[in-house]
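Structure first, commentary second.
Every number here is computed from the coordinates shown, using simple stated rules; none is lab data. Just so it is clear, the structure is predicted and the values come from calculations on it, not from any experiment. We place every Cβ from the backbone using ideal geometry, glycine too, and count neighbours over all the protein chains shown.
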Amino acid sequence: MGKRGVQYFTLSEIEPRVWFMLTGCDFQCRGCFRPARDGGGTLLTAEETLERAEQACRRHYGELPSKAMITGGEPALDRDFLLTLVRGLKERGFEEIVLMSNGYKVGGGEREERGDFAAELVDAGLTEAHIDIKAFSEEIHEWYTGKSNKPVFNAVRALSEAGTELLIQTVFMPGIVEADEIEKIAKFLSGVSHEIKYRINPFAPTFAFEEVTRRPTIEEIERAYELASKHHPNTIISRSCYREYPTPPAQETWVTVYPDLTFKRRTIKDQEEDRISWLTRSKSSTREEILRAVRGKGDDPEYRRRLEEATRKFFKKNF
Ligand code: SF4
């Protein structure tokens, strides 16, 4: 089994919960806003990753939490690493083990050896998966991510068959992935299982790798919601972790633990700084150029208020 880059662990202050941030990704989404995409972090085996996370949790919470979120980057790049990680969490008593993935490797990648990986993950202890369906049309998906979406659809079917809880997410991108694409994804999901949760997120151009489009209007997102929920009632609009709804607490900082077990309380400002240095490095631009490019595209409080309203309006109790 290989090693994976671990950027950091995040410890939630809303409830005991640990996030694993693994680096590297097999997609090249044009609108990606995750510095973990391009690698980096500390190379660790799955066992080493588990040990460091355990020490971080015990130091902060005094015990192990029962919930773990595995994210990145793309967590499923190395099958054995991910299976060992999930198994290790289960053995340590974690009750909720959530994978956040683009679905490509889980659905078989180029080799179409689908099915087994999803079933193995569930056997190992996975309880929930969050999979992004970036686009329904193969053409748009390939243009946006550089890869086919067939393995992603395979992953959704296989994970559903394997019996894990599923949340599918799509980003509304004006002129690229609009209501028609979202409606088709909702139809596909309703054909797989009505139990699947479907979440529509708005595109945020601020720290996107490429500013492929603008932020959608609230009306555009609501229209997509109406079309999607006709086929798949288990749909919501959202902007952040759905676990925090319907009343998300104000959360301005995160407890970040680096693999060398250094603790840092990071703020939204720190997160922005990470993104600015990522864009500066990856795009070979100066900091000033990046700042000029993102200026004026930050969070608009009025937009945020209206989005919160839309989120609450269509919130479902079972989410
Ligand atoms: S799947 Fe796309 S958005 Fe997610 S980390 Fe990879 S490149 Fe970025």
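Of the residues H231, H130, H194, the one with the fewest other Cβ atoms within 10 Å heads the list, and the complete ranking is H194, H231, H130. Put the Cα centre of the range 301-315 next to the Cα centre of the range 2-50 and the gap is 29 Å. Straight-distance candidates among the lysines for linking to K313, with alpha-carbon spacing under 17 Å and chain neighbours fewer than 8 residues away dropped: K197, K230. Oblate is the label for the range 255-295. Its Cα gyration tensor axes, ordered a ≥ b ≥ c, give a/c of at least 1.5 and b/c at or above a/b. Counting neighbouring beta carbons within 10 Å and listing from fewest to most, the residues R305, R223 come out as R305, R223. Structure note, pairs K90/K187; K67/K317; K3/K297: Cα-Cα distances above 29 angstrom occur for K90/K187; K3/K297.
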